[in-house]
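Asks: Okay, handing you the structure first.
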Amino acid sequence: MGRVTQRRKVHKFVLDGSAQALEHPVRYREDFLAVEEPLEVRLGHMSFSVTMRTPGDDFDLVAGFLVSEGVIWDPAQLISLRFCAGEDENGVQTFNVVEAQLRPDVVLPETGRNVYTSSSCGICGTDSIEAVRKSSHFSPEDDPLNVPVEVLAALPDRLREAQAVFDKTGGVHAAGLFRIHDDGAAELLCLREDVGRHNAVDKVVGWALREGMLPLHGTVLQVSGRASFELVQKAALAGIPVLAAVSAPSSLAVELAQETGLTLVGFSRGTSLNVYAGSDRVGVPAGAGGDVRTLGAGGE
């Protein structure tokens with residue numbers, strides 16, 4: 001398996017005006033970088049997709065990607081996953097090709113990736129949302145989950161505390177799946193990190209599929225970056241009722257969340273958060289502190 005981090009020598013320039021910086025403005029040190037390598041996904045012998053990812057949890061990544069593409073939704077549909085033979089120029093196994101064997105009755109896509117997952121495919125937002133709805137076998141709409149707002153606001157800090165690769169590199173996204181119990185407590189079920197935010201989510205969803213946990217009712221997916229259309233799509237197809245991000249959502253992400261009945265939270269920063277869709281799932285006790293703003297697709 002490829003390494004998750006890599007050491008590289010760097011020249012560090014310090015311009016803070018200190019006496020040490022004035023005397024030695026350039027310092028030499030080793031830095032840790034997050035590894036980024038291609039991963040080819042094959043369905044049998046058919047090449048399906050290539051993604052740039054951080055090596056690690058690759059089987060989860062492939063399984064989650066197939067869920068996100070609407071190809072599978074049940075672990076029984078995935079017969080096996082294996083690394084294909086492949087070596088670099090030094091004769092070392094690269095582990096950069098994964099072959100998925102699917103049950104014979106699974107309908108394979110006619111081409112490569114389903115067109116609606118690409119932000120540059122040229123189709124309109126309405127068609128993109130309809131494609132997701134047609135591909136969905138689970139729906140967040142009827143999930144009665146209620147998350148105390150103080151619990152929801154605390155999830156970014158809990159996510160950050162568990163980010164081991166980010167601690168070393170500062171260069172990866174994270175996705176954490178939390179189970180919300182009846183007493184309101186949040187239990188971290190799975191956390192994955194990757195240079196791609198979509199990959200981190202796929203790794204979480206793939207883990208859940210392989211554990212036989214789909215649909216993921218009663219959970220919150222907390223992500224470290226922004227909430228794009230693609231992330232809402234992945235959450236909805238996995239049956240996740242709440243997606244929370246530390247940054248902003250896109251307009252199409254909000255539209256898809258509203259259409260699928262998913263609760264979408266943005267700018268979750270510990271003491272405040274914005275609810276862009278599905279605010280009925282966010283519980284605010286009487287006299288609660290902090291700032292919770294409910295926004296529509298057009299803003300405040």
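Asks: Restricting to the range 203-234, name every residue that is of a type in the set (D, E, K, R) and either open to solvent by less than 30 Å² (accessible area, probe 1.4 Å) or in a loop (DSSP other than H, G, I, E, B) (or both).
Replies: Hits for the range 203-234 are 203, 211, 226, 234.
Asks: Here is a follow-up. Every residue in the range 235-261 that is hydroxyl-bearing (Ser, Thr, Tyr), surrounded by fewer than 24 Cβ atoms within 10 Å (Cβ to Cβ) and part of a helix (DSSP H, G or I), please.
Replies: 251, the sole residue that qualifies.
Asks: Restricting attention to the range 44-60, which residues are assigned to a helix (DSSP H, G or I) and touching a strand residue (DSSP E or B) at 6+ places or on another chain (Cβ under 6 Å)?
Replies: Those that are assigned to a helix (DSSP H, G or I) and touching a strand residue (DSSP E or B) at 6+ places or on another chain (Cβ under 6 Å): 58, 59.
Asks: Follow-up question, since we're still on this one. State whether the residues of the range 143-160 include one that is farther than 17 Å from residue 263 by Cα and among the small types (Gly, Ala, Ser).
Replies: There is no residue in the range 143-160 that is farther than 17 Å from residue 263 by Cα and among the small types (Gly, Ala, Ser).
Asks: For residue 41, indicate whether it is outside any loop (DSSP other than H, G, I, E, B) and open to solvent by 50 Å² or more (accessible area, probe 1.4 Å).
Replies: So residue 41 does not fit the description; no.
Asks: Among the residues of the range 135-144, write down those that are under 15 Å from residue 235 (Cα atoms) and surrounded by fewer than 18 Cβ atoms within 10 Å (Cβ to Cβ).
Replies: Across the range 135-144, the qualifying residues are 137, 139, 141, 142.
Asks: Something else: Which fully enclosed helices (runs of 4 or more DSSP H) of the range 97-174 have 1 or more residues being on the phi < 0 side of the Ramachandran plot and at pLDDT 90 or above?
Replies: So the answer is 149-161.
Asks: Criterion first (modelled with pLDDT of 95 or more and acidic (Asp, Glu)) does residue 291 satisfy it?
Replies: no
Asks: If you go through the range 173-202, how many residues are open to solvent by 10 Å² or more (accessible area, probe 1.4 Å), closer than 19 Å to residue 65 by Cα and touching a Phe, Trp or Tyr at 6+ places or on another chain (Cβ under 6 Å)?
Replies: Residues in the range 173-202 being open to solvent by 10 Å² or more (accessible area, probe 1.4 Å), closer than 19 Å to residue 65 by Cα and touching a Phe, Trp or Tyr at 6+ places or on another chain (Cβ under 6 Å): 0 in total.
Asks: Can you tell me which residues in the range 262-283 are of a type in the set (A, V, I, L, M) and part of a strand (DSSP E or B)?
Replies: 264, 265, 273, 275, 277, 282
Asks: Looking at (1) over 14 Å from residue 98 (Cα atoms); (2) in contact (Cβ under 8 Å) with a residue 40 or more places away in the chain; (3) of a type in the set (Asp, Glu), which is the only condition residue 37 fails?
Replies: (1)
The values are calculated or read from the model by the stated rules, or taken from the named source; none is laboratory data. Nothing here was measured: the structure is a model prediction, and the numbers come from that model. As a convention, Cβ positions derive from the backbone with ideal geometry for all residues, glycine included, and neighbour counts pool all protein chains shown. Side chains included, ligands, DNA and RNA excluded: accessible areas come from the protein's heavy atoms. Shrake-Rupley method; radii C 1.70, N 1.55, O 1.52, S 1.80 Å.
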